[in-house]
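Let me begin by presenting the structure, written as structure tokens, before commenting on it.
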Amino acid sequence: MAHDPRQAAQVRWLGAAQLIGVVRSEPGITRAAAAQRLGIGSGGATELVARLRQARLLDETPAPAQGRGRPTRVLGPHADGPLVLAADLRAADWRLALAGIDGSPQVVAQAGYADEELDPVLTQLAKAIGAIYRRKSERLRAIVVSVAGTISGAKLVQFTSRGWNDVDLSVLISKIPDRAGIPLLLGNDATLAGLAEARTGAARSAATALCLIVAQGIGGTLVVNGEPLTGANGAAGEYGHIPFGDPTLVCPCGAHGCWDLTVDGRALARHRGDGPPPDPVGYVHDLVGRPKRDAATRRAFEAVAASLGRGAGGLVNLHDPEVVTLGGVAALLRAAAPDVFDDAYRDGLMAFRKSSPPPVRDAEHGEDGPLHGAVALALDHITTAAGLADWVERQRI
């Protein structure tokens, strides 16, 4: 039988991938605790950690002092280890964040584009990605783009808030040479935010979680055993375009009565008699931050909270989750009229669910959920046994 060096390398790094998975899921874990999770002895753990340190993947650092006793050391990313780059393309701005194996995104570039057309935005973002690559070329191993639009395969098929359709986002890595071998991964912002909550946020203990996020409109995902259900073409979770709203309202997506139009800053503005806000998220923050609310504003918050709660109840009937999380500005909207939300949520549930409904929790990652989820997706890609073997091989070149 022919010997396949690549397959042998992957087998060699299988245990390393498992250890990195533990470190990712339990930040600050000690070597002894990680060994216990994996069911390996202290000698095997010592050897494995030494190999990962030599490969510039993991390192051990002193834990914060907690009184007397032997100092504890915790596992974490190596200072010269692999990095992933997450791009968050939102309705009015974009952000870029770098992260190591610990999965903590650090924003390194951002810009607004409220009045820009598509081509200049993509050109600007591609230049920023290229500049970061040039600074981190030896360490950067994957790029993920989170988009507040519908993703199918390798395309942004509909970015409703901007009116962009069938956009090939591969242009975003046009400043990176092909020989670098850096993949471009794409994800819907709500799907990625749900992934973040399921892995390290408010839904991390749930096997099945319904994760909702409000920005310009509402989106979400159903996460089962830590993985979002993305559908046949990767476009599942477009909850904002379920006809939970006013059937007389026409959504920019082309459908009538979309839930999108009743649960965000545009809905608040409409109920208050204001014109459509150019930045619906900023509009919500502005209203929430005002020290006093007039009657029209209170009624607006109540109407939006009722729609949000009623729709969440309907989706619970559909999906049967253990927990519901609210990300983006959804938590702010619920908090502005909590009793109205709770009543609408319960009223939307089937009778057998009312006595013990799934808890509705504020998302721990808030409006940064898409960035955290994008990082998690990228790390899933590069910390497989094959991904680690590729990293080590590239260190030798």
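Does HIS285 count as surrounded by fewer than 21 Cβ atoms within 10 Å (Cβ to Cβ) and under 25 Å from the mean Cα position of the chain (by Cα)? For HIS285, the condition - surrounded by fewer than 21 Cβ atoms within 10 Å (Cβ to Cβ) and under 25 Å from the mean Cα position of the chain (by Cα) - is met. Of the numbered criteria (1) open to solvent by less than 30 Å² (accessible area, probe 1.4 Å); (2) free of Cβ contacts under 8 Å to residues at least 40 places away in the same chain; (3) over 30 Å from TYR133 (Cα atoms), the one THR46 fails is (1). It is to be established whether one or more residues within the range 195-204 are open to solvent by 10 Å² or more (accessible area, probe 1.4 Å), among the charged types (D, E, K, R) and free of Cβ contacts under 8 Å to residues at least 12 places away in the same chain. Yes, some residue in the range 195-204 is open to solvent by 10 Å² or more (accessible area, probe 1.4 Å), among the charged types (D, E, K, R) and free of Cβ contacts under 8 Å to residues at least 12 places away in the same chain. Within the range 294-321, the set of residues being free of Cβ contacts under 8 Å to residues at least 40 places away in the same chain and part of a loop (DSSP other than H, G, I, E, B) comprises ASP294 only.
Of the listed requirements (1) crowded, with 16+ Cβ neighbours inside 10 Å; (2) not in a helix (DSSP H, G or I), PRO291 misses just one: (1). Taking the conditions (1) surrounded by 17 or more Cβ atoms within 10 Å (Cβ to Cβ); (2) more than 28 Å from the chain's Cα centre (by Cα) in turn, ASP59 satisfies each one other than (2).
Identify, from the list ARG346, ARG361, ARG353, the residue that is farther than 23 Å from ARG12 by Cα, in contact (Cβ under 8 Å) with a residue 60 or more places away in the chain and basic (Lys, Arg). Selected residue: ARG361, the only one of ARG346, ARG361, ARG353 that is farther than 23 Å from ARG12 by Cα, in contact (Cβ under 8 Å) with a residue 60 or more places away in the chain and basic (Lys, Arg). Here ASP279 fulfils each of the conditions (1) at pLDDT below 90; (2) closer than 28 Å to VAL316 by Cβ; (3) of a type in the set (Asp, Glu) apart from (2). Considered as a group, the residues in the range 141-158 that are in contact with a strand residue (DSSP E or B) (Cβ under 7 Å, 6 or more places away or on another chain) and either surrounded by fewer than 20 Cβ atoms within 10 Å (Cβ to Cβ) or of a type outside the set (A, V, I, L, M) (or both) include one that is nearest to LEU83 (Cα to Cα), and that residue is ARG141.
Condition (residue is within 23 Å of LEU140 (Cβ to Cβ) and modelled with pLDDT of 90 or more) applied to the range 28-48: is it met by at least one residue? Taking every residue of the range 28-48 in turn, none turns out to be within 23 Å of LEU140 (Cβ to Cβ) and modelled with pLDDT of 90 or more.
Residues in the range 185-194: is at least one within 21 Å of ASP264 (Cβ to Cβ) and either among the basic types (Lys, Arg) or open to solvent by 60 Å² or more (accessible area, probe 1.4 Å) (or both)? Looking through the range 185-194, none of the residues is within 21 Å of ASP264 (Cβ to Cβ) and either among the basic types (Lys, Arg) or open to solvent by 60 Å² or more (accessible area, probe 1.4 Å) (or both).
Restricting attention to the range 232-268, the residues that are free of Cβ contacts under 8 Å to residues at least 40 places away in the same chain, open to solvent by 40 Å² or more (accessible area, probe 1.4 Å) and within 16 Å of ALA190 (Cβ to Cβ) total 1. Number of residues in the range 93-147 that are among the basic types (Lys, Arg), in contact with a Gly (Cβ under 9 Å, 6 or more places away or on another chain) and in contact (Cβ under 8 Å) with a residue 60 or more places away in the chain equals 1. Among the helices (runs of 4 or more DSSP H) confined to the range 322-397, the ones with at least 2 residues that are among the small types (Gly, Ala, Ser) are located at 330-336, 369-382, 385-396. Scanning the range 157-186 for residues that are closer than 30 Å to ARG361 by Cβ, assigned to a strand (DSSP E or B) and at pLDDT below 90 yields GLN158, PHE159. Number of residues in the range 209-231 that are over 15 Å from ARG199 (Cα atoms) and free of Cβ contacts under 8 Å to residues at least 12 places away in the same chain: the value is 1.
Filtering the range 359-382 to residues that are among the β-branched types (Val, Ile, Thr) and under 18 Å from the mean Cα position of the chain (by Cα) leaves VAL375, ILE382. Take the residues in the range 292-337 that are within 25 Å of the chain's Cα centre (by Cα) and of a type in the set (Asp, Glu); name whichever of them is farthest from ALA236 (Cα to Cα). If we take residues in the range 292-337 being within 25 Å of the chain's Cα centre (by Cα) and of a type in the set (Asp, Glu), then GLU322 is farthest from ALA236 (Cα to Cα).
The number of residues in the range 326-339 being surrounded by fewer than 20 Cβ atoms within 10 Å (Cβ to Cβ) and not small (Gly, Ala, Ser) comes to 2.
The values are calculated or read from the model by the stated rules, or taken from the named source; none is laboratory data. Model, not experiment: these values are computed from the prediction. Here the Cβ is made from the backbone with ideal geometry for all residues, glycine too, and neighbour counts use every protein chain on show. For accessibility, only protein heavy atoms count, side chains too; no ligands or nucleic acids. Shrake-Rupley method; radii C 1.70, N 1.55, O 1.52, S 1.80 Å.
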